[in-house]
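A short write-up of the structure that comes next.
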Amino acid sequence: MAELINIDLGRRSRRLRVDTLVKLRWLALLGQAIALVVTYYGLRFSLPLGPCLLVIAASAWLNIGLRLRFGRTERLEDAPAAAMLAYDILQLTALLYLTGGIENPFSMLFLAPIMISAVSLSGRITLILTLLMVGAVSALTFRHYPLPWYPGEQLQLPLIYDAGIWVAIVLGAGFIAIYASRVAVEARKLADALAATELVLAREQHLTQLDGLAAAAAHELGTPLATITLVVREMQKQLPANDPSEEDLKVLAQEVGRCRAILGTLTSLGSDTGDILDEMSLGLLIEEAAGPQRDFGMRISISKDGEDPEPICRRNPGILYGLGNLIENAIDFAVSDVRIATKWDSQQVTIVIEDDGPGFSADVAGRVGEPYVTTKTDRRAKTEEGSGLGLGLFIAKTLLERSGATVKTGNRAPPETGASIAISWERPVFERGTRGLRAGLAAAAVKPVAGFSPPSGDSPAPVNPRKS
């Protein structure tokens with residue numbers, strides 16, 4: 001799981017596009033120009049129209065320069081994007097300075113760059129931009145041109161009113177920065193975790209497909225090897241006695257035989273994708289998921305409780321990976337024992353994984369299964385360097401739920417200690433798409449397969465050729 005942390009799961013795609021900033025600025029400039037024209041010509045309020053239009057023109061020229069310099073799809077790093085938003089704050093400051101300071105109703109537009117930064121940029125950059133905005137608002141509180149009003153009249157608002165506007169803008173910016181950044185961070189974490197889930201599932205499916213590719217390769221190489229074998233035999237028949245090349249032909253024949261044996265092994269791997277062997281019983285599913293975890297010195301006990309027939313399912317990489325991850329996680333925190341209990345009836349199939357460790361702590365119990373929730377340092381008495389981020393549990397939970405399961409986490413009932421994770425399927429959902437396993441098991445009962453023994457609670461995991 002550690003290798004997934006360093007993979008770029010779409011972070012570059014979340015950077016601000018130059019085209020987005022340019023379009024937003026054009027929209028802002030259009031609104032500023034309309035407000036100036038309506039105020040000056042419609043309401044006939046007095047204001048320094050020339051300097052105001054000059055400030056708007058400067059931003060328009062900047063937009064034109066950005067459009068010529070960057071393509072529509074180019075994205076900015078955090079520093080250039082922060083500089084662009086800082087310019088927008090300063091441009092709005094200059095425009096408000098000429099039109100009444102924070103007494104101007106459009107002073108609320110200071111919140112727009114802060115919100116964009118909180119959603120798209122880092123918290124440190126958002127804090128810097130917020131401090132810049134607070135400084136600009138503070139300066140406009142005491143120094144600004146008079147608020148545009150009727151000619152010959154001047155609207156003078158009391159200082160306490162200006163202070164109230166200052167407090168409202170600053171608190172609004174702080175609230176938007178915290179709220180929007182938290183929502184954006186949660187969305188980014190969820191997107192990263194889902195992307196990691198897709199990578200894991202794709203990897204498991206790719207490994208499953210390798211068997212079919214190996215069988216196809218063996219089939220294609222079989223014909224030329226047969227031809228080589230025939231040619232070698234004919235050459236051996238035609239050689240005179242004591243010919244120096246006889247030993248070389250023997251070696252060649254041996255190597256051809258080795259190649260044919262290897263191709264036979266590959267062909268047998270490919271046959272695992274048949275209808276019967278593509279299905280597995282509940283016990284075999286547990287054994288295959290728990291098998292790789294038996295080498296860590298932890299006792300794994302498996303119990304089964306249910307009436308015949310035992311549930312069967314199609315081989316699903318997502319279920320195998322999810323169960324394996326949960327079992328591995330239980331082993332990480334167990335003191336000496338991990339229990340896997342399977343129960344089934346005609347309606348439901350349930351797998352319960354329990355350990356005898358400290359269990360989930362109270363502060364994370366309600367958030368287990370969410371991405372990037374650290375659990376190892378909470379559940380262990382000893383702190384581990386590089387503890388988990390909860391991404392593995394999230395991926396396992398997501399893959400199991402995708403198969404139709406319901407996953408519930410909690411702690412074992414006192415006086416027992418440890419965590420308990422229950423995975424439940426409706427039996428028709430668990431057995432969906434299965435056909436021939438029971439017929440295959442019946443045939444196996446008549447003629448045992450060499451090297452295969454039925455799974456049991458204390459038996460080692462069966463050899464899986466896909467993992468060798």
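The values are calculated or read from the model by the stated rules, or taken from the named source; none is laboratory data. What you are looking at is a predicted structure, and each value in this text was computed from that prediction instead of being measured. Every residue, glycine among them, receives a Cβ derived from its backbone with ideal geometry; neighbour counts consider all protein chains shown. All accessible areas refer to the heavy atoms of the entire protein, side chains included, with ligands and DNA or RNA removed. Shrake-Rupley method; radii C 1.70, N 1.55, O 1.52, S 1.80 Å.
Among the protein heavy atoms, those of T409 account for about 50 Å² of accessible surface (1.4 Å probe, every chain in place).
Residues E310, E426 ordered from highest to lowest accessible area at a 1.4 Å probe: E426, E310. The protection proxy used here, the mean number of other Cβ atoms lying within 10 Å of each residue, ranks peptides 137-143, 108-114 as follows, highest first: 108-114, 137-143. So what's the gap between the Cα centers of region 77-131 and region 135-173, to the nearest angstrom? Their Cα centres are 17 Å away from one another.
As a calculated quantity, the FRET efficiency between A60 and V134 at R0 = 35 Å, using C-beta atoms, amounts to about 0.80.
Computed with every protein chain present, the accessible area of K23 is close to 110 Å² [probe 1.4 Å].
Could you rank D308, D162 by how accessible they are, 1.4 Å probe, largest area first?
I get D308, D162, largest accessible area first.
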